[in-house]
Amino acid sequence: PLALGLYTVNAVYGDTITMPCRLEVPDGLMFGKWKYEMPNGSPVFIAFRSSTKKNVQYDDVPDYKDRLSLSENYTLSIKNARISDEKRFVCMLVTEDDVSEEPTIVKVFKQPSQPEILHQADFLETEKLQMLGECVSRESYPEGNVTWYKNGRVLQPVEEVVVISLQKIVDKLTGLFTMTSSLQYMPKKEDANAKFSCVVTYYGPSGQKTIQSEPVVFDVHYPTEKVTIQVLPQSSTIKEGDNITLKCSGNGNPPPQEFLFYIPGETEGIRSSDTYIMTDVRRNATGEYKCSLTDKSMMDSTTITVHYLDLQLTPSGEVTKQIGEALPVSCTISSSRNATVFWIKDNTRMQTSPSFSSLQYQDAGNYICETTLQEVEGLKKRKTLKLIVEGKPQIKMTKKTNTNKMSKTIICHVEGFPKPAVQWTVTGSGSIINKAKETKYVNGKFSSKIVIAPEENVTLTCIAENQLERTVTSLNVSAISIPEYDEPEDRNDDNSEKVNDQAKLIVGIVVGLLLAALVAGVVYWLYVKKSKTASKHVDKDLGNIEENKKLEENNHKSET
């Protein structure tokens, strides 16, 4: 490198400076010397080397004590380069006849430390010019320059918005520069997450270079411009019994810490922190809720609907009715939305709602009316009706001869609730028969059956008794040797309707036959009556003839 047409050596601060003597060694060289020039041009000799004795001498110059080294080819080395080494050095080769000189310029460079942003503001306020911080870079040579950046873009000075001032201080001992650039800045709300940094531009042996600081983000304070109210938890549906938290927030920084909450039915706002809690809400909590800043400058509102579901079952609980009675049942629903209603009887879902115009034993059971709001999770109500159908014991007795012709089966068909207790007795002895077998008690009905082989005619009595009444029915049973009409056993409940239909058909046929017989009898009676009348007339005529004959005979005798 050349400086002003002279040979220049660029050195790094602290490194070794190496300056070759750029003269050709002449014949008859006596010695070589190095000197540097003072600012006023006067020389200062620092090193001497004889060409004949090969010895080296260093002048007593305090700045270069123990730092110099002169080689055989007259190359001068200076250890631990300093800023003060920036001089014009001259290599001299001396013969008896001539002195040759060749100057060398030394330039020293020192890379500055990484810049730091110091004295940072705790926070920035919008619309206010304030000191953001100072960018400091130390120990630079030559002096560098400082540039501020925001989000990677250069901050240009703008009056009352961006104010930058740079200060450079030189260390008198080392000659190194410390650069301090202060930034005054008026932030906007958009600067809340902006990254500020500074860059130092400096010169090194190889040219211009830069070093960047670590970016810094400042807390930007700005006023609240909007208030927002929220309902927590953020569920689409709220039901009675839930807890509700109202949360009010402002978009300022720092956010507001207190608000006024306006509750339906309350004329004045309730001062609270950013949350207001309502527990176990009822349907009357439905309405519009508002919140505002404490100065009432801004407000937001939301509407809350508290869903409810009421169920009224009439009658409910345990109800006891008599068989044949009517029982109106109603399940009334009141809800905030359309509700789904269904009935369950004895753990089985019913297809229709129960209706009792004439209660039967099979109507007894546990009924549940249940309703839900499908859109509202967990909102379900149910009520129960335990229906008890009571009835006095009813008895029907049947008998039949068994196929083996050796015994007869006597059945006592019993209806009633509570379940009647059944006893059998034989008329005459009045003894209780304990060998009866009972069928399963279903829908208020069951049967008690005995098998007997009577040697003579007997009368069996079936006694059925519950808390309501005692019922007694007797049946005459002929001896096993005497044939009698065998009555069919009572059908079960599932076939009762079919049996009834068959019975009705048989009764109809019998009635028809009786009517036909009656008509035939009337016709025959009329016929017989007519025949008798005619016979009487004939007899009368015959009587008249006989009388005439007798008169004639008498007359004839008289004449004789």
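Projecting the Cα positions of SER448, ALA421, VAL472 onto the charge dipole of the stretch 392-477 (unit charges on Cβ atoms of Lys, Arg, Asp and Glu, taken about the Cα centre) puts SER448 furthest along the positive direction.
Scattering from the stretch 392-477 was approximated by placing one identical point on each alpha carbon and applying the Debye formula without solvent; log10 I(q)/I(0) at 0.13, 0.14, 0.18, 0.26 1/Å stands at -0.39, -0.45, -0.73, -1.34.
Amide hydrogen proximity for GLU390: with H placed 1.01 Å from N in the peptide plane, the residues at 5 or more positions away or on another chain lying under 5 Å are LYS321, GLN322, ILE323. Backbone geometry of the stretch 176-184 corresponds, through the Karplus equation with coefficients 6.51, -1.76 and 1.60 at θ = phi - 60°, to 3J(HN,Hα) couplings of 8, 9, 10, 10, 10, 10, 9, 10, 9 Hz, x marking Gly and Pro. Plainly put, the stretch 240-380 has a radius of gyration that is 1.25 times its Kirkwood radius, both from alpha-carbon atoms, as the Rg/Rh ratio. Here the Karplus relation 6.51 cos²θ - 1.76 cosθ + 1.60, evaluated at θ = phi - 60°, turns the backbone of the stretch 468-481 into coupling constants of 8, 6, 10, 10, 10, 9, 10, 9, 7, 10, 6, 4, 4, 7 Hz, with x for every Gly and Pro. Label-to-label distance, MET38 versus LYS65, with points set 7 angstrom from Cα along the beta-carbon direction: 1.9 nm. Every Cα-Cα pair in the stretch 201-316 was counted, and those over 20 Å apart are 57% of them. For the pair ALA516 and GLU159 in one chain, pulling the backbone fully straight at 0.36 nm per residue adds 115.5 nm over the alpha carbon distance. Once the 1.4 Å probe is applied to the protein heavy atoms, the stretch 39-179 comes out at 58 Å² accessible per residue. Compared with the direct C-alpha span, the chain from ASN243 to THR314 gains 22.4 nm at full extension, assuming 0.36 nm per residue. Between GLN114 and LYS53, residue separation times 0.36 nm minus the direct Cα-Cα distance comes to 16.9 nm. Over the stretch 309-389, the hull volume per residue, using the convex hull of the C-alpha atoms, is 86 Å³. Checked against a 24 Å cut-off, the cross-linked pairs LYS321/LYS345; LYS321/LYS380; LYS345/LYS380; LYS188/LYS209 give Cα-Cα distances beyond that limit for LYS321/LYS380; LYS188/LYS209. Whole-Hz Karplus values for the stretch 373-386 come out as 9, 4, 6, 10, 5, x, 9, 8, 10, 8, 9, 10, 10, 9 Hz, taken residue by residue from phi with 6.51 cos²θ - 1.76 cosθ + 1.60 and θ = phi - 60°; glycine and proline positions read x.
When peptides 388-401, 60-73 are sorted by average Cβ neighbour count within 10 Å, with the highest value leading, the order is 388-401, 60-73. Take every pair of alpha-carbon atoms less than 8 Å apart whose residues are at least six positions apart; their mean separation over the length of the chain yields a relative contact order of 7 percent.
Taking a point 7 Å from the Cα of GLU375 along the Cα-to-Cβ direction, the residues of the stretch 306-332 with backbone N closer than 20 Å to it are 306-311. Helix content alone sets the calculated 222 nm mean residue ellipticity of the chain: runs of n ≥ 4 DSSP H residues at -39500 (n - 2.57) each, divided across all residues, give -4500 deg cm²/dmol. Stokes-Einstein diffusion coefficient for the chain at 20 °C in a medium of 1.002 mPa s, Rh from the Kirkwood formula over Cα pairs: what value in µm²/s? The diffusion coefficient I find is 54 µm²/s. Accessible surface for the stretch 392-477, divided over its residues, is 56 Å² per residue with a 1.4 Å probe. Taking the longest Cα principal axis of the chain as reference, the axis of helix 493-559 is set at about 20 degrees. Residues in the stretch 54-83, backbone N under 20 Å from the label point at SER100 (7 Å along the Cα-to-beta-carbon vector): list them, ranges by number please. The answer is 54-55, 70-77, whose backbone nitrogens lie closer than 20 Å to the label point.
Taking a cut-off of 16 Å, what percent of all Cα-Cα pairs in the stretch 116-221 are separated by more than that? Everything past 16 Å amounts to 58 percent. Summarise the accessible area of the chain (1.4 Å probe, protein heavy atoms) by the percent that is carbon and sulfur. Exposed carbon and sulfur together represent 49 percent of the surface.
Modelled spin-label separation between THR279 and THR18, with each label point placed 7 Å from Cα along the Cα-to-Cβ direction: 8.5 nm. Each of TYR13, LEU526, PRO103 was placed along the dipole of the chain (beta-carbon charges, centred on the mean Cα), and the one lying farthest toward the positive end is LEU526. Projecting the Cα atoms of LEU166, CYS91, GLN351 onto the charge dipole of the chain, computed from C-beta unit charges around the Cα centre, puts GLN351 farthest toward the positive end. Under the combined filter of DSSP loop state and at most 15 neighbouring Cβ atoms within 10 Å, the stretch 259-289 retains these trypsin sites (Lys or Arg not before Pro): ARG282. First obtain the Kirkwood hydrodynamic radius of the stretch 129-170 from its Cα pairs, then insert it into the Stokes-Einstein equation at 4 °C and 1.567 mPa s, and state the resulting D in µm² per second as a whole number. For the chosen part, D equals 107 µm²/s.
Seen from all directions on average, the stretch 8-109 presents a Cα convex hull projection of 6.3 nm². Using the Cβ-Cβ distance between GLN362 and ASN457 with R0 set to 45 Å, the FRET efficiency works out to roughly 0.70. Can you give the FRET efficiency to the nearest 0.05 for VAL217 and LYS296, using r as the Cβ-Cβ distance and R₀ = 35 Å? That pair, VAL217 with LYS296, gives E of 0.55.
The values are calculated or read from the model by the stated rules, or taken from the named source; none is laboratory data. Everything numeric in this text was worked out from a predicted model, so none of it was measured. Cβ coordinates were reconstructed from backbone atoms using ideal geometry, including for glycine residues, and neighbour counts include every protein chain displayed. These accessible areas exclude ligands, DNA and RNA; they are computed on the full protein's heavy atoms, side chains included. Shrake-Rupley method; radii C 1.70, N 1.55, O 1.52, S 1.80 Å.
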